[in-house]
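Below is one structure, written out as structure tokens, with a few remarks after it.
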Amino acid sequence: MRRLREYGSYAIGFASLFLLWHVAAVYLVQSALFPPPGSVIARAVALFRDGTLVANVAISLQRILTGFVCGSLLGIPIGLAMGSFAPIRRILDPYTEFLRFIPAVAMITVAVIWFGIGETSKLFLIIYATVFVVVLNTAAGVASIARNKIRAAQALGATRFQIFCHVALPATVPYILTGMRLAMTNSFVTIVAAELVRI
Amino acid sequence: MLRGVEKTFSSRQGADYVAVRGFYLELARGEFFCLLGTSGCGKTTILNMIAGFEKPTAGVMELEGKPIAGPGRDRSVVFQGDDSLYDWLTALENVEFGLRMRGVPKTTRREQAHHYLDLVGLTGQEAKHPSELSGGMKQRIQIARVLANEPKMLLMDEPFAALDAQTRAVMQEELRKIWQATGTSVLFITHDIDEAISLATRLGVMYAGPASRLKEVVDVELEGARNRTDDRFLGYYRRVYGMIREEVEVARRRERPDGPR
């Protein structure tokens, strides 16, 4: 019963969205530039049937995935190092604090100048969109480990390296995953923008 | 053994804070020593220095003739809260953590961990994660975890302070049994007089901070299980209560110099 009510509310939400869209497009705006949901869906089905939609989505997803994986593989160790060693954090702080405020979308022009039009530019942009979020979240995760967790391990005879592998790393995993999830959102936003301007 | 130990914390404002000064204490092997004091008197600082987490500013600290240089597995610590447990590991894996770090083979350490989980009364809870267990059970895991490492000395920093009164009483009784069974030396920190007399073979009362040190040491000569309603227990209680009360007064006046006397 609760399930039903839950899905019911979702259905009402979606139905009202499409209804408002339809009303706006058919009765209020009446422009070729603002098609109603019916024609959009029909077009989507047509594109899906002839394979264009699937092929293009596949390419976009592949770009996102490659950049996202590369960015994470780069960001996790940097974040761990920044969180574990204060000197490294102080050295890298200017980079992360300066660059993380420049959105990947704003880097599109720069990417084209540096890497030309093509896959390299897109890969660069996705990595750029991924790496800072992952670095910051990982570093924050390491910094927020309860001091007693580390102390307990020390008093149990663990070496520094063991503490890193068996305490710091597993304790940071939830933060790393949060960073990666946020990075995934960034990647989608970035690839849409990059493909829109057709670089 | 602690001889003339001193600890100064330097603050960012530039004013140094002397937490402990001229602290002398010698513990015998196998004894259960309770360190009592008002809050902020520096008892945790003493424990952290013995554990090796913090270095004394002055003085000598030795364990069986060897200077204490840093944390080590001959001195295990049971912390007050549950944030020292590894929540991604099961109860059993938490207990065998120290053994695993030392490279003890899996079957041996499993056996050991089971033995100590049984000893603290956690039979059947091995596969559960700390988040699935109650506050009392989590402290049992902590105790089993340090015992599995067979330390020379057990350092306990108000381990039962966050538990409800009933659970605390049960835990105290069981800790005494475990101590009797294993024969480890224990340094137990508390601000609870009742707890100290229930557990200790000897207890020390500290002056109110800053620059705190031991005020008085009392031998608790009560045989067998401790009974809170026993006349001799109450005698000890009155005596220690008197010592603590003076210090509470001092601490209160230092906090509020112009407050009511």
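The values are calculated or read from the model by the stated rules, or taken from the named source; none is laboratory data. Only a predicted model underlies this, so the values are computations on that prediction, with no experimental measurement involved. With ideal geometry, Cβ positions are generated from the backbone for all residues, glycine too; neighbour counts draw on all protein chains shown.
Of B:Gly59, B:Gly42, which residue is more than 9 Å from chain A (Cβ to nearest Cβ), surrounded by 22 or more Cβ atoms within 10 Å (Cβ to Cβ) and on the phi > 0 side of the Ramachandran plot? Please lay out each step first, then the result.
Values: B:Gly59 fails: surrounded by 22 or more Cβ atoms within 10 Å (Cβ to Cβ).
Only one candidate qualifies: B:Gly42.
All but one of (1) under 22 Å from B:Phe33 (Cα atoms); (2) within 13 Å of chain A (Cβ to nearest Cβ); (3) touching a residue at least 40 places away in the same chain (Cβ under 8 Å); (4) of a type outside the set (Gly, Ala, Ser) hold for B:Ile68, so report the exception by its number. Failed condition: (3). Screening A:Ala158 on (1) without any contact (Cβ under 8 Å) to a residue 40 or more places away in the chain; (2) surrounded by fewer than 20 Cβ atoms within 10 Å (Cβ to Cβ); (3) within 14 Å of chain B (Cβ to nearest Cβ) shows it passes everything except condition (2). Residues that are on the phi > 0 side of the Ramachandran plot and out of contact with any Lys or Arg (no Cβ under 7 Å at 6 or more places or on another chain) within the range B:107-128 comprise just one, B:Gly124. Going through (1) farther than 24 Å from A:Ser144 by Cβ; (2) surrounded by fewer than 23 Cβ atoms within 10 Å (Cβ to Cβ) one by one, B:Ala144 falls short only on (2). Of all residues in the range B:86-103, which are over 20 Å from the mean Cα position of the chain (by Cα) and either away from every other protein chain (no Cβ under 11 Å) or in a helix (DSSP H, G or I) (or both)? Within the range B:86-103, B:Thr90, B:Ala91, B:Leu92, B:Glu93, B:Phe97, B:Leu99, B:Arg100, B:Met101 meet the criteria.
Before we move on, is B:Val205 crowded, with 18+ Cβ neighbours inside 10 Å and either modelled with pLDDT of 80 or more or among the polar types (S, T, N, Q) (or both)? Yes; evaluated as a whole, the condition is true for this residue. Scanning the range B:75-85 for residues that are buried (at least 20 other Cβ atoms within 10 Å of the Cβ) and within 7 Å of another protein chain (Cβ to nearest Cβ) yields a total of 5.
With respect to the conditions (1) touching an Asp or Glu at 6+ places or on another chain (Cβ under 9 Å); (2) aliphatic (A, V, I, L, M); (3) closer than 22 Å to A:Val192 by Cβ, A:Leu17 lacks only one, and its number is (1).
No other residue among B:Ala28, B:Ala58 is out of contact with any helix residue (DSSP H, G or I) (no Cβ under 6 Å at 6 or more places or on another chain), small (Gly, Ala, Ser) and under 17 Å from B:Leu155 (Cα atoms) apart from B:Ala28.
Listed here are the helices (runs of 4 or more DSSP H) enclosed by the range A:7-117 that have at least 2 residues being under 28 Å from the mean Cα position of the chain (by Cα) and of a type in the set (Asp, Glu): A:86-99.
Quick check: is even one residue across the range B:158-168 in contact with a Phe, Trp or Tyr (Cβ under 8 Å, 6 or more places away or on another chain), within 24 Å of A:Gly157 (Cα to Cα) and assigned to a loop (DSSP other than H, G, I, E, B)? Within the range B:158-168, one or more residues are in contact with a Phe, Trp or Tyr (Cβ under 8 Å, 6 or more places away or on another chain), within 24 Å of A:Gly157 (Cα to Cα) and assigned to a loop (DSSP other than H, G, I, E, B). Within the range B:21-40, can one find any residue that is of a type outside the set (S, T, N, Q) and more than 18 Å from the chain's Cα centre (by Cα)? The answer is yes; a qualifying residue exists.
Restricting the search to the range A:179-199, which residues are touching a Gly at 6+ places or on another chain (Cβ under 8 Å) and either free of Cβ contacts under 8 Å to residues at least 60 places away in the same chain or polar (S, T, N, Q) (or both)? If the condition is that a residue be touching a Gly at 6+ places or on another chain (Cβ under 8 Å) and either free of Cβ contacts under 8 Å to residues at least 60 places away in the same chain or polar (S, T, N, Q) (or both), then A:Ser187 is the only one that fits.
Does B:Ala162 satisfy the criteria of being surrounded by 23 or more Cβ atoms within 10 Å (Cβ to Cβ), touching a residue at least 24 places away in the same chain (Cβ under 8 Å) and closer than 30 Å to B:Pro56 by Cα? When the stated conditions are applied, B:Ala162 does not pass them.
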